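For reference, the structure discussed in these notes is given below.
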Amino acid sequence: MAFDGSVIACLVKEYKDQILNGRIVKIAQPEKNELILTIKKDGQQKKLLISSEAALPITYLTEESKASPLTAPSFCMLLRKHILNGQIIGIFQPSMERIIDFQIEHYNEMGDLCQKILTVELMGKHSNIIFRDGEHILDSIKHISSLVSSVREVLPGRDYFIPFADEKKDPFKVSDEEFSPVFDSGKSIAKTLCSAFTGISPQLAEEIINLCGIDSDRPAGSLSPEEVHALYGSFQGLMDKIASCEFSPQIYYENQIPYTYAALDLKIYQNLDKESYDSISRLLYAYYAKKKTYTELRQKTASLRQTIQTLLNKDYKKYDLQLKQLDDTKKKESYQLYGELITAYGYNVPEGSVSMEAEDYHTGKMVKIPLDPTIPVIANGKRYFEKYAKLKRTNEALTQVIRQTKEEIDHLESILTSLDMVQEEADISDLRREMVESGYSKQTGGQKKQAKKEGKSSPLHFISSDGFDIYVGKNNIQNEYLTLKFADGNDYWFHAKNLPGSHVILKTNGNDIPDRTFEEAAQLAAHYSKAEGASKVEVDYVLKKQLKKPAGSKPGYVIYHTNYSMSASTDISGIKQL
């Protein structure tokens, strides 16, 4: 729950700076549960988006325009009647609630100066936009009857109150003496903080606890008085930051994917990449736009991922069966020995014998050889030679087939790894093209048109701490281009050892490379590999001119016979990406 009381407090500060004392010049309701208010202040116009959609309740200032329905909904019409051209004279957040009250001054039909309140409640499925006259509800964007909620009706004519307001303490007003009794339950410390104080989300609770160096999973009742006092100090410090508006909006990334956001710079995410914003509205817009893009890309790659996984599962089973069959061919050497010993000593064995013994001339040990008594002894030798010849042919054929199956598994695993690096539509087109060219799937006419429309995708580009360019392929097509066409002979090539992963090219431009740059290029190769979750990965590196691509091999497949290796971290947080 990133959209907590601290984010609301940050929004309120921004709204006070940007739209307080502004005049509402336009009111639109483009979606069922969404409003856009256009506010004019100091000759400039700002758009305030407010959404009470249960899946994503949110509010922020935006420059985005949305088409409105031809006939405005009744709630929109009511707002236009009362507060169009009204002035926002106050913006408040009750305690640390996920609520914003906009106090609006306007003239009624009689020309009298009146005040109304537009209350925005951003509480998950309980979110709502409520228009009221003092504590008297005039209307709401969602009507909540007693059949829906036994706690509070939100209907025209009902009194307005904040539900469960008495069940949680105001974090701005709690004293040390009031703080301590909260921690007497068997619930974890983090859950206790969330349930006891208004507006405290799990991530804020974790931050408060982390600043004290206490395990957040411990039962609240296990804390010593000294630990509770330390926790209060951390709690009070965070509340003081919020009260004094010391905000620092951040988006945190995990593997370049938006992970979460916060109005404060949180220490619990210090190991994640972060992006700072000077506006919480811009942060919210950027975060959800990026999150939406990532989600849509994941949905679009789902069928491709399933196809690859199905092919891999078949290949895994086939590979295991082939290895078992190959193991069975190990008997061939014994059959050859039996045939040779029977040919050498079988003339001394009585016909009709079920076995014979002879000395193995390789080891000097006696070997017992089973015989078929229904055929001549010497014929047993011929039969063993035939079994040997058959298993030898099987072994040679299986060795070739197993190598091909393993190459296909490696190739499919590399495509699966590339799916996790998809950042744009063109990346998906590259992977689909590779699947088609490798014979794993067929391309439809629609996919061809889409690929032309999307154009070519580009490799990732980083700058080392020493100013050297480092390029990372996001898929095998890019890997092949980087290694065989883009890289010069004296550029360095990096790849995670014996693992599917990206080709990493370190451009030297004829210069000597510092050790730190070598380490950073290896970190990128380790990070963008199947072993990304490991702390350390062995990485091979070699000059590009020492690489060769076998004829007829899969895209991105190269071989090398001499190389250097190093153990590299998968942490790339300190490497700048362009």
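Throughout, read-outs are computed from the coordinates displayed, never taken from laboratory work. Keep in mind that what you see is a predicted model, and the values were worked out from it rather than measured. Reconstructed Cβ throughout: ideal geometry from the backbone, glycine too, with neighbour counts over all protein chains shown.
Centre-to-centre, using Cα atoms only, the stretch 489-557 and the stretch 157-228 are separated by 49 Å. Here the stretch 129-185 is treated as a sphere whose radius is the Kirkwood value from Cα pairs; by Stokes-Einstein at 37 °C and 0.692 mPa s it diffuses with a coefficient of 240 µm²/s.
Of the peptides 142-155, 260-273, 337-350, how do they stack up when ordered by the mean number of other Cβ atoms within 10 Å, highest first? Spell out each step's value before the answer.
Values: 142-155: 13.2, 260-273: 18.8, 337-350: 16.7.
Ranking the peptides 142-155, 260-273, 337-350 by packing returns 260-273, 337-350, 142-155.
Taking each residue as 0.36 nm, the span from residue 354 to residue 170 lengthens on full extension beyond its C-alpha to C-alpha distance by 56.8 nm. Each residue of the stretch 195-205 was assigned a 3J(HN,Hα) from its phi angle through the Karplus expression (A = 6.51, B = -1.76, C = 1.60, θ = phi - 60°), giving 7, 9, 10, 5, x, 8, 8, x, 6, 5, 4 Hz with x at Gly and Pro.
Size descriptors for the stretch 323-379 (Cα atoms only): Rg and Dmax, in that order, 12.6, 40 Å.
How long are the semi-axes of the ellipsoid equivalent to the stretch 157-250, from square roots of 5 times the Cα gyration tensor eigenvalues, in whole Å, largest first?
Numbers: eigenvalues 105, 62, 31 Å².
Calculated on Cα positions only, the semi-axes equal 23, 18, 12 Å.
Can you give the angle from 0 to 90° between the axis of helix 5-18 and the longest principal axis of the chain, with both taken from C-alpha atoms, to the nearest 10? Approximately 60 degrees, to the nearest 10. Global dimensions of the chain from alpha-carbon coordinates: Rg and Dmax equal 35.4, 130 Å.
What is the dipole size for the chain, taken about its Cα centre, with +1 at each Lys and Arg Cβ and -1 at each Asp and Glu Cβ, in debye to the nearest 20? Walk me through the intermediate numbers first.
Details: 73 positive and 79 negative charges, 559 e Å.
About 2680 debye.
Rg and Dmax, both from the Cα atoms of the stretch 421-578 and both in Å, are 15.8, 49.
Suppose every K and R has +1 on its Cβ and every D and E has -1 on its Cβ; what is the size of the dipole of the stretch 5-140 about the Cα centre, in Debye to the nearest 20? Could the numbers behind the result be given before it?
Values: 16 positive and 17 negative charges, 58 e Å.
Computed charge dipole of the stretch 5-140: roughly 280 debye.
Taking only Cα atoms, what is the 0 to 90° angle, nearest 10, from helix 445-454's long axis to the longest principal axis of the chain? Around 60 degrees separate the two axes.
Averaged over residues, the count of other Cβ atoms within 10 Å places the peptides 299-306, 33-40, 193-200 in the sequence 193-200, 33-40, 299-306, highest first. Straight-line cross-link partners of residue 241 among the lysines, defined as a Cα under 16 Å from its Cα and at least 8 positions apart when in the same chain: 13, 173, 267.
Compactness check for the stretch 241-343: Cα Rg over 2.2 N^0.38 Å is 2.26.
On average over all directions, what projected area in square nanometres does the stretch 5-140 have, based on the convex hull of its Cα atoms? Could the numbers behind the result be given before it?
Working: hull surface 32.9 nm².
Here the figure is 8.2 nm², rounded to one decimal.
What is the angle, in °, between the Cα long axis of helix 74-83 and the longest principal axis of the Cα atoms in the chain? Nearest 10 is fine, range 0 to 90. For 74-83 against the chain, the angle is about 40 degrees. Here 542, 228 are placed in order of increasing Cβ neighbour count within 10 Å, fewest first, which gives 542, 228. With helices as the sole contributors, the chain gives -12500 deg cm²/dmol at 222 nm; each DSSP H run of n ≥ 4 counts as -39500 (n - 2.57), and the sum is divided by every residue.
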